[in-house]
Each structure stands twice: as structure tokens, then as C-alpha cells.
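*Asks:* Supplied in C-alpha cells, the structure appears directly below.
The values are calculated or read from the model by the stated rules, or taken from the named source; none is laboratory data. A quick note: this is a predicted structure, and the numbers were derived from the prediction, not measured. Cβ: placed from backbone, ideal geometry, glycine included. Neighbour counts: every protein chain shown. These accessible areas exclude ligands, DNA and RNA; they are computed on the full protein's heavy atoms, side chains included. Shrake-Rupley method; radii C 1.70, N 1.55, O 1.52, S 1.80 Å.
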Amino acid sequence: MQKYFSSLVFLIKVLIITGAYYVISDKLLNNDHFSNFLWSERIESLGSTGVSFLIFLLLLTVVNWVLEIKKWQSLVVTIKNISLKTSAEQSLASLTASLITPNRIGEYGAKAVYFKKEQRPKVLLLNFMGNAYQMFITILLGSLGFFFLKDFIVQIPIPVSGLIIFGIIAFIVLFSVVFINKKWTLSIQKILLDLRNVPSVIHKKTFLFSLVRYFVFSHQFYFFLLFFGVEMDYFIVMPVIFSMYLISSIIPGFVLFDWLVKGSVAVTLFRFFGINEIIILSITASMWILNFAIPAIVGSFYVLTFNSKQLTLNESKVSK
């Protein structure tokens, strides 16, 4: 039985890694926006400054993921203390697993397997909490972005009325499911109660990590615009970026299509300001490569070397 279980685990690892590498290679080899002539032309025109700019953009990716890793380390301290290295392993491996699952659902299961069975419900809750804070920041700043763009929003070709109708329908469905179905009501109440039991200092740290991380990757998009020579007022471009992340975050889909969703939304928004759509698509593709593809490649190593037996053995040693 153990032999079959080990074979199954190995097969799952292979499927996850194969799927992740297929997605990444497909974007690298078949993405005209990422390999567009704009890259070579821009680097050639900027010279050493262009190379330094790219290194800076890569460093922002590192900062982005260090913040995410620190956030996860801070969250799981309510279960047990883990090192930054362990938190990195769990965060990056779960990213790799999430590439081929809708709305990053695979992230929840991938993180849960690193913990004992009795700890997994709490792990799922903490992961939900981390994602919920990130979503809250996206909604908050995205709404502010729309507010600051109120003078342009009527002219921007966004189906605002369609979004409003979608929001009303979604609210009615959610209200019906949650408040009419007693089982769902009790489940929501239990989740809220469990979240309230998490120490307030953890809530504050999670909020802060989510906020700083949001500013890092949103400004990374802004610096990409500067790299491509886009001249646009900072106090206009940031609300546009905030609005882009808000709209794209409410569209369900797979992580592998994240660049496409953000790209289409960004093109729609920036088109009003006369920004070349090739530049915008190049930026969204590059952002996907830096913030998803490269970390996922690193995470694939952790997926491949994951050993549940060794994990259990280490836990027993710690408990002793």
C-alpha cells in the first residue's frame, strides 16, 4: 500500500511540475509581447542605464516575494514557529501548484500538506486570511483609484453599467446562499469567529505586509512604464494601475491567464491616455514572468524534493 502511495505522490509531483513548466515555457517561447523588439531597442537606447533599470525591476520582484514569505511566516506562528527558509519553501511550492488550478485554489492544498492533519483546517484559515487582506487592499486602493479617475471614467470604454449589474447579481446570489442556507450561515459564522481568535498583532502584521507588497508590485508596473519611455503624471498613472488590479482581481480564472486578463484590462484603461497597447502588453507579460514564472521555477524544486515522511520525522523531533 505504501508503495502505491509513494508512486501516487511522485506522479502528482510530476504532473504539477510538468504543468507549471508547460505554462511558463509557453509564455516565454510563444509570447510576442515579451520578446517584442521594444525590449532590445529600449535596452540599446538606454545602454547601461537600461540594464541597471532591469536589475532594479528584478530586485522589486525579490522584495515582493520576501514580503509574501514573511507574511506567511507571521501567519503560521499561531500554529508553530517556522524559519524564513521553510516559509519560502511552502510559499513558492504552493505557487507552483497554483499555476494549473483556478483562482489559485491549489495554493491552499499545497500549504496544508506541510502540516499535521489536525493543523490543516487552521492552515487553510490562515491562508484565506492572508489572501483576504491582500484582496481588501486591492479593493480599497482600486476604489480610490476609480474615485480619482472620476473625471475620466465616463469616457474610458469600460462597461461600468455591466460591472454594476454583475455586482448586484453577485450580491443577491451571495446573500441567498449565505443567509438563506443555514449550513452556509453557520460556516461563515465559524470562520469569522476563528478569525477573531487570531491575535490582533497578527492581523496588523498581515495587513501591513499586504499593503507594502501591493505598493511594491504596483510601482513595479509604474517603473516598467518609465523603462519603456511612457511619460504620464504619477498621480494619474497610479490610480489607473490601482483600477486595473481591482478589475482584473474580480475576474475568475487561472493564474496562467493572469497576464492576459491584466493585459486586456490595462490596454482598455491606458488606451484612453494614448499609451501604445504593445507597450502595455509587454509590461503585463514581463510582470507575469518576474512575479509568477521565475518564483514558480524555484518552487518546482521544492515540489520535487517534498518528503512527507521527513516532514513528519522533523515534527516529531521538534515535539520531543
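*Asks:* Can you sort Asp233, Asp194 by 1.4 Å-probe accessible area, starting with the largest?
*Replies:* Working: Asp233 90, Asp194 50 Å².
Greatest to least solvent exposure: Asp233, Asp194.
*Asks:* A further question on this structure: Based on the Cβ-Cβ distance from Ile278 to Phe148, what FRET efficiency comes out when R0 is 22 Å, to the nearest 0.05? The partial results should precede the final answer.
*Replies:* On the way: r = 26 Å, r/R0 = 1.20.
The pair Ile278/Phe148 has a calculated efficiency of 0.25.
*Asks:* Can you give the accessible area of His203 in Å² (nearest 10), computed on protein heavy atoms with a 1.4 Å probe?
*Replies:* Around 40 Å² of this residue is reachable by solvent.
*Asks:* So, one more: For region 135-142, just list the computed ³J(HN,Hα) in residue order, Karplus coefficients 6.51, -1.76 and 1.60, θ = phi - 60°, integers in Hz, with x standing in for Gly and Pro.
*Replies:* 5, 4, 4, 4, 5, 4, 6, x
*Asks:* A follow-up question, please. Distance in nm between label sites at Phe207 and Ile297, each 7 Å beyond Cα in the beta-carbon direction?
*Replies:* Computed distance between label sites Phe207 and Ile297 equals 3.8 nm.
*Asks:* Further, regarding this structure: Stretch Asn307-Leu193 to full length: gain in nm at 0.36 nm per residue minus the Cα-Cα span? Don't skip to the answer; put the middle values down first.
*Replies:* Working: separation 114, 0.36 × 114 = 41.04 nm, distance 3.36 nm.
Result: 37.7 nm gained on full extension.
*Asks:* So if each residue of separation counts as 0.36 nm, and I subtract the Cα-Cα distance between Phe235 and Asn131, what length gain in nm does that give? Numbers along the way, then the final one.
*Replies:* Working: separation 104, 0.36 × 104 = 37.44 nm, distance 2.71 nm.
Length gained, Phe235 through Asn131: 34.7 nm.
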